[in-house]
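Data block below; observations after.
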4 protein chains.
Amino acid sequence: MSDETTRMRARAAGIADPDVQLRRLTIGPRRRTEEVLAAAAAVFAERGFHGASTQDIADRLGMRQASLYYYFASKEAALEQVCQRGIERIIGDTEVIAAGPGSVAERLAMVMRRHVEPLADNCASVRAYLHEVRFLPKEARRRIGRLARRYERVVEGLLEQGIASGEVRADLDIEIARDAILGMCNHAAHWPGKEPGGAMAHVAEELIRLVLRGIATERPDVVAG
Amino acid sequence: MSDETTRMRARAAGIADPDVQLRRLTIGPRRRTEEVLAAAAAVFAERGFHGASTQDIADRLGMRQASLYYYFASKEAALEQVCQRGIERIIGDTEVIAAGPGSVAERLAMVMRRHVEPLADNCASVRAYLHEVRFLPKEARRRIGRLARRYERVVEGLLEQGIASGEVRADLDIEIARDAILGMCNHAAHWPGKEPGGAMAHVAEELIRLVLRGIATERPDVVAG
Amino acid sequence: MSDETTRMRARAAGIADPDVQLRRLTIGPRRRTEEVLAAAAAVFAERGFHGASTQDIADRLGMRQASLYYYFASKEAALEQVCQRGIERIIGDTEVIAAGPGSVAERLAMVMRRHVEPLADNCASVRAYLHEVRFLPKEARRRIGRLARRYERVVEGLLEQGIASGEVRADLDIEIARDAILGMCNHAAHWPGKEPGGAMAHVAEELIRLVLRGIATERPDVVAG
Amino acid sequence: MSDETTRMRARAAGIADPDVQLRRLTIGPRRRTEEVLAAAAAVFAERGFHGASTQDIADRLGMRQASLYYYFASKEAALEQVCQRGIERIIGDTEVIAAGPGSVAERLAMVMRRHVEPLADNCASVRAYLHEVRFLPKEARRRIGRLARRYERVVEGLLEQGIASGEVRADLDIEIARDAILGMCNHAAHWPGKEPGGAMAHVAEELIRLVLRGIATERPDVVAG
DNA sequence: TATGAATGAGATTTCATTCAT
DNA sequence: TATGAATGAAATCTCATTCAT
């Protein structure tokens, strides 16, 4: 009875199950953990943390609910790991980029591209991070918050550099500008209809142009793009 | 026993109960419905739709949980009504403003102010609308979507007018700009720490300046603020 | 809000409401009570006692749930009154018929006709009585049982007379025969597809023939029909 | 506290709990599912589908109410499985009997005996089937209906054969006769007071005699019993 | 590495009923 | 005669989690 139920669920979730058994034998243990977290991320992103059940996650994996607990200690722990992957994905190599060569405008543009990219790819952990961090217990939220802060520093740093170099107008409120930029980029997560690839790239470039003009000093020749 | 339980809950939720009996007699029936929806909005905004229980709502009202169902048919129906109030609050009189006098920049600035205001006031229905609409069943989502579309039209219309009049640069992708603007404004909902009043007003003005510069043609004298 | 709800319900239940107000003023008080019990009977018959809600009854009347309690003291009390009407409808004038003229076969045939008739008419109180008496509290069940017993006596009496007169074979177990006859007749309630009128009358005659032959002595000429 | 509650309930329901733990280890998994359905059948038969609560079922099993949902997906699903067992119990080997040797009268008598037997044994699933199928959702009712149809065909088939062979009078309306026979047999379910064994067997034989005489041609020597 | 069986807590929702008006 | 507002109790069902295997 339970057996049939599981298979039905797996099928309903659009998961092929024939080779699951096989895969289990052929790939390493870490990989499976990653799969589980990816499934959790997908479900959290789609239904929200509280709207998602561990059963949903298990279904997506062709696994029983109870088995999940081999991979994470609790649903909340799973969310924390998902969020960590999400924010890490956003941070990516932006710190390296920001510290690298190029004008502030160029570097900020690259950072923004990196931010919108995973959303364009519909990256579940990033989406889950954006909407669901707030449901993490305080302690975990603080841990994730420390990572998020690093990313905020990247953008702030660029804006500060821009002001110092004259590329960015001096009257800009850096914190607000930073939040505005992040808000605009994050908002890209709300366009579920946009397919990845060309369209989203266009969106990113348009956003970048908007921002660069918005923050630039009155020397249009400075503006990239 | 149940009675004590309720009182405990009400107290735990920080609600004074002594005059509840009185209030029931003194205020009209419509009002009570509004109170219930306000409580629902607050709870949905704070904990998310799925994270909020109807018990939480009842507690906030000093009411028994079953009694809520006198006012709404289901939790989802409550969410729809909350969301409707949220989007209506955002729309507000923006259509009138947009159709009114003044330059595009001035009118867009006013519209943005109106958008950020309720978030600054921590308006629960608006916050609930922004984060929780997506959990409405399809049919309801469509109904709310129709309202949201009206607001989007307001912003689009202004941008179009701006392009026509030369105030806004012609190469702007209107849809993207519209989403960017809304995204930035909505993002204000993510600053729960900001107290209302001066600070948020400052934020709004800064955002407005950013946007106006971002979309303006290269004639700085046109830009407001 | 509640008002709209009620109208929606009334409409959904296929009840015209425009003249309800009028009717209330024009017809006597007893009548209204009968209407309420008829509605209760219909709902009990259709959904079973426990499956029927007082709301269902109110809907059918275009009335609010609370108003029902003006007409009956409790749902169980309503069921008792419905059942009483049901069994009384079955008893009808069968006692008179049984005491009247004609052969046993003729009189039994008439009694059976009277039994099947209300089922053919889809008489709600009779259907409700047959299926739902068992959910009455003991005391009420006993009261109704006394009435039912009267009807059983009618059939038993006819069978006894038949044996005495030689019309019915002497080896017949009267109690069993009585139950068999009632069982067959009651079973007519299970044919919801049969429209009233000719078809059901045909069914009744066929049942009568079956029974009369079944109980008759080996003198086929005695058998009616 | 909950623990005591359960024990109290189990005791109140007349269930011994000491060896429950033991039983769990000693009997196979399929068995447990059967036990659960048997308990459901008993409760449905006794109180009606809507009058029975899942708590009642759990009590009878010494199980927590939530645990039932491991064995069935919903109360309605449980009813469907119960009804299936009920109608299957009635069908039993009647198709084999009907296709076997012997006169139509002999075979019909055996079929009727098989029908009344489970009712005499107070078989819960059969009683539940008879009274509660109507509360199944349409789709399920159709599924069960297909099985019921098979049984009806058995009786119809015998009557047709009887007419063909001259054992049964040709003017008999087969559908009505079939329903009358089933109705009479089913009605045996309404005698809850009758203890199994001799008494019910006597009832069955009496019913059979009634029916056979009722349907027979005017050649009394043909009639069995 | 994964599962079957079960559970405690709690969720939403329904229901019969009450009572002041 | 009927209703609006509310309630206590209970119903069905879901969920995260545990634990022996």
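The values are calculated or read from the model by the stated rules, or taken from the named source; none is laboratory data. Everything numeric here is computed off the predicted structure, so don't read it as measured data. Glycine gets a Cβ as well: all are built from the backbone with ideal geometry, and neighbour counts include every protein chain shown. Quick note on the areas: whole protein, heavy atoms, side chains included, nothing else; ligands and nucleic acids left out. Shrake-Rupley method; radii C 1.70, N 1.55, O 1.52, S 1.80 Å.
Side notes on the structure shown:
- Taking every residue in the stretch C:39-52 that is assigned by TED's automatic domain parsing to the domain that holds C:R64 and open to solvent by 10 Å² or more (accessible area, probe 1.4 Å) and pairing it with any residue that is within 9 Å of DNA strand E (Cβ to nearest atom) and in a helix (DSSP H, G or I), at least 6 positions away or on another chain, the pairs with Cβ-Cβ distances below 7 Å are C:R47/C:D56.
- Apart from one condition, D:A189 fits all of (1) open to solvent by less than 10 Å² (accessible area, probe 1.4 Å); (2) more than 30 Å from D:A58 (Cβ to Cβ); the exception is (2).
- Checked against the criterion of being touching a His at 6+ places or on another chain (Cβ under 9 Å) and away from chain D (no Cβ under 13 Å), the stretch C:98-119 has no qualifying residue.
- Of the criteria (1) near DNA strand E (Cβ under 8 Å from one of its atoms); (2) open to solvent by 40 Å² or more (accessible area, probe 1.4 Å), which one D:E76 fails: (1)
- Cβ pairs under 6 Å, 6+ apart, first in the stretch A:65-91 and free of Cβ contacts under 8 Å to residues at least 12 places away in the same chain and under 16 Å from A:F44 (Cα atoms), second within 7 Å of DNA strand F (Cβ to nearest atom) and part of a helix (DSSP H, G or I): A:Q65/A:T54; A:Q65/A:Q55
- D:R32 vs. criteria free of Cβ contacts under 8 Å to residues at least 40 places away in the same chain and not in a loop (DSSP other than H, G, I, E, B): yes
- Which numbered condition B:V126 misses (of (1) under 26 Å from A:D179 (Cα atoms); (2) open to solvent by 30 Å² or more (accessible area, probe 1.4 Å)): (2)
- Hits in the stretch B:167-186 - residues which are of a type in the set (V, I, T) and in a helix (DSSP H, G or I): B:I174, B:I176, B:I181
- Residue under evaluation B:G92, criteria (1) more than 14 Å from every other protein chain (Cβ to nearest Cβ); (2) under 15 Å from B:L182 (Cβ atoms); (3) crowded, with 18+ Cβ neighbours inside 10 Å; (4) in contact with a helix residue (DSSP H, G or I) (Cβ under 6 Å, 6 or more places away or on another chain), criterion not met: (3)
- Taken together, the residues in the stretch C:36-72 that are of a type in the set (A, V, I, L, M), more than 14 Å from chain D (Cβ to nearest Cβ) and either more than 11 Å from DNA strand E (Cβ to nearest atom) or under 21 Å from C:G145 (Cα atoms) (or both) amount to 9.
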